[in-house]
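Contents: one structure, followed by commentary.
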Amino acid sequence: MTVTGAIWRDQLTAKERSVLGRADDGVAGARPDVLVIGGGILGVSTAAACAEAGLGSVLLIETGRLGAGATGGATGLLIPEPHQWSDPEPFVDLERAGLERWRDLEQSVPGGVGLVEVDWLGLAPHDSGYAAHQPRAVEWLNPGQVAELVPGLARPMEGALIHRQARINPLRAVVRLAAGLPAVTTGVAATSVEISGDRVVRVATSAGDIHPGAVVFATGRPPVLDGLPLHIPSDRVKGHLLVTEPADITLPGIVAPVATQIENGQLLAGGTFDLGDESPAVQPEVIEGIVQGLAAVLPPLRGIGVAYQWCCFRPRHPDRRPVIDMVPGLANAWLTSGHFRTGILNAPVTAAVLSRWIAAGEPPVEAGTWSATRFAGH
Ligand SMILES: Cc1cc2nc3c(=O)[nH]c(=O)nc-3n(C[C@H](O)[C@H](O)[C@H](O)COP(=O)(O)OP(=O)(O)OC[C@H]3O[C@@H](n4cnc5c(N)ncnc54)[C@H](O)[C@@H]3O)c2cc1C
């Protein structure tokens, strides 16, 4: 039987699952030093970084459960190096810093965050498939070497091998980070803000008013709240994913663009870009297309069963890069949004930038590139 829903929740213990619905008392009338709105990986990471930085009392609110948005449906790959072929250098640098911070968190968070170090192997019919750049850290493999790592390929392929990338169960990471937070309340939506001068003085929520010292909006796409003058263009891009039944083959970690082998020998595949599909429903034909794609590259997988299938939406700005900035015109409000297809990877470094900025009152150097005002004229 196929479960419609991401595998990630089922990999958690009952105790961990309960953290996703954590609902501490005391929202109405609260006066936190830092209020974080949004309980995806960006919000949870930011709240954790602010608490760690000693920024005083930190309260996180989430309208659903933690990880209910894009975060809970992500593939969870932490792969900066392959993005050298597709992303500009400053962005790859951000991603590299993201992976390094995940490694730090794996050491510093009690029980770790569930980081799994894996190799990434990109298949190409021939090496011109990757010829645009010759990034560092790549080992070029001939078809014989690729066949040794991935037996059963339908045809000979060259490959690009990159060691020491990583993957994570995004919900496990959310749970481990959220478990250490001082105050988290799910099931509470921010509905409007009141601004006095250049400060947010009140955030109205479904559970009462909050009077924050500083506020961080981490709502996936930019927040649309009464009283908040914020107009940053964004959309969302749906993606489908599936996890197979345990496979009889062994892959060397992530084999792009085919699949990633996860726990129990199961294969995680997909990550489609279903432009224009706004339906929240899983489309069976997209899932079927992913299954057929697996068998086309690896014929031994023909007929493999699907254990989990799901879809979710990536928040995106027009240039496909995130915003990490203050809310224009406000002195105590920050925003991070539009993390598109690398929000899991970039969450801890984004969180570090924001917490340092809130602490110092000055933007860290990394921040300039990801401004909220770069879309003027869109
Ligand atoms: C198919 C797919 C595959 C992906 N694969 C990867 C990958 O391999 N690696 C990677 O790094 N990234 C990946 N991503 C991207 C990643 O999932 C996102 O970039 C990231 O999860 C965004 O996190 P977020 O916290 O900004 O948003 P979200 O996870 O959407 O969290 C925002 C939260 O804010 C809450 N919220 C919104 N409005 C309010 C309000 N008014 N009051 C209270 N709460 C509110 C929402 O309920 C939501 O829980 C993938 C995405 C998809 C869809």
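The values are calculated or read from the model by the stated rules, or taken from the named source; none is laboratory data. No experiment lies behind these values; they were computed from the predicted model shown. Here the Cβ is made from the backbone with ideal geometry for all residues, glycine too, and neighbour counts use every protein chain on show. To get the accessible areas, we keep the full protein, side chains included, count just its heavy atoms, and leave off ligands, DNA and RNA. Shrake-Rupley method; radii C 1.70, N 1.55, O 1.52, S 1.80 Å.
Here are a few things to note about the model shown:
- Long-range neighbours under 9 Å by Cβ, at least six apart or interchain, first residue touching a residue at least 60 places away in the same chain (Cβ under 8 Å) and on the phi > 0 side of the Ramachandran plot within region 179-198, second part of a loop (DSSP other than H, G, I, E, B) and of a type in the set (Lys, Arg): GLY187/ARG65
- A single member of ALA376, ALA367, ALA347, ALA351 is at pLDDT below 95 and open to solvent by less than 10 Å² (accessible area, probe 1.4 Å), and it is ALA367.
- Region 1-13, residues that are open to solvent by less than 70 Å² (accessible area, probe 1.4 Å) and either free of Cβ contacts under 8 Å to residues at least 12 places away in the same chain or over 19 Å from the mean Cα position of the chain (by Cα) (or both): THR2, VAL3
- There is at least one residue in region 52-59 that is more than 13 Å from the ligand (Cβ to nearest atom), among the small types (Gly, Ala, Ser), open to solvent by less than 60 Å² (accessible area, probe 1.4 Å) and in contact with a strand residue (DSSP E or B) (Cβ under 9 Å, 6 or more places away or on another chain).
- The lone exception for ASP87 - which of (1) among the acidic types (Asp, Glu); (2) within 15 Å of the ligand (Cβ to nearest atom); (3) open to solvent by 30 Å² or more (accessible area, probe 1.4 Å) it fails: (3)
- Only one entry in ILE304, ILE287 is open to solvent by less than 40 Å² (accessible area, probe 1.4 Å), part of a loop (DSSP other than H, G, I, E, B), at pLDDT 95 or above and within 17 Å of THR244 (Cα to Cα), namely ILE304.
- Within region 301-341, if we keep just the residues that are of a type in the set (Gly, Ala, Ser) and over 16 Å from the mean Cα position of the chain (by Cα), the residue that is nearest to the ligand (Cβ to nearest atom) turns out to be ALA333.
- Within region 240-248, the presence of at least one residue that is under 16 Å from LEU153 (Cα atoms), in contact (Cβ under 8 Å) with a residue 40 or more places away in the chain and either of a type in the set (D, E, K, R) or touching an Asp or Glu at 6+ places or on another chain (Cβ under 9 Å) (or both) is confirmed.
- Condition check for LEU123 on (1) hydrophobic (A, V, I, L, M, F, W, C); (2) away from the ligand (no atom under 11 Å from the Cβ); (3) in a strand (DSSP E or B); (4) under 27 Å from ASN332 (Cβ atoms): one failure, at (4).
- Hey, THR272 of a type outside the set (Phe, Trp, Tyr), on the phi < 0 side of the Ramachandran plot and touching a helix residue (DSSP H, G or I) at 6+ places or on another chain (Cβ under 7 Å) or not: yes
- Matching residues, region 263-277, being more than 9 Å from the ligand (Cβ to nearest atom), crowded, with 19+ Cβ neighbours inside 10 Å and assigned to a loop (DSSP other than H, G, I, E, B): GLN266
- If you filter region 60-76 down to residues that are within 16 Å of ASN169 (Cβ to Cβ) and more than 6 Å from the ligand (Cβ to nearest atom), you find that the one that is farthest from the chain's Cα centre (by Cα) is ARG65.
- Beta carbons closer than 9 Å, at least 6 apart along the sequence or on distinct chains, pair a first residue in region 208-235 that is under 24 Å from ASP33 (Cβ atoms) with a second that is open to solvent by 20 Å² or more (accessible area, probe 1.4 Å) and acidic (Asp, Glu) for ASP209/GLU194; PRO212/ASP33; GLY213/ASP33; ALA214/ASP33; GLY227/GLU194.
- When ILE79, ILE37, ILE41 are checked against the criterion of being within 10 Å of the ligand (Cβ to nearest atom) and farther than 24 Å from GLY271 by Cα, a single residue qualifies: ILE37.
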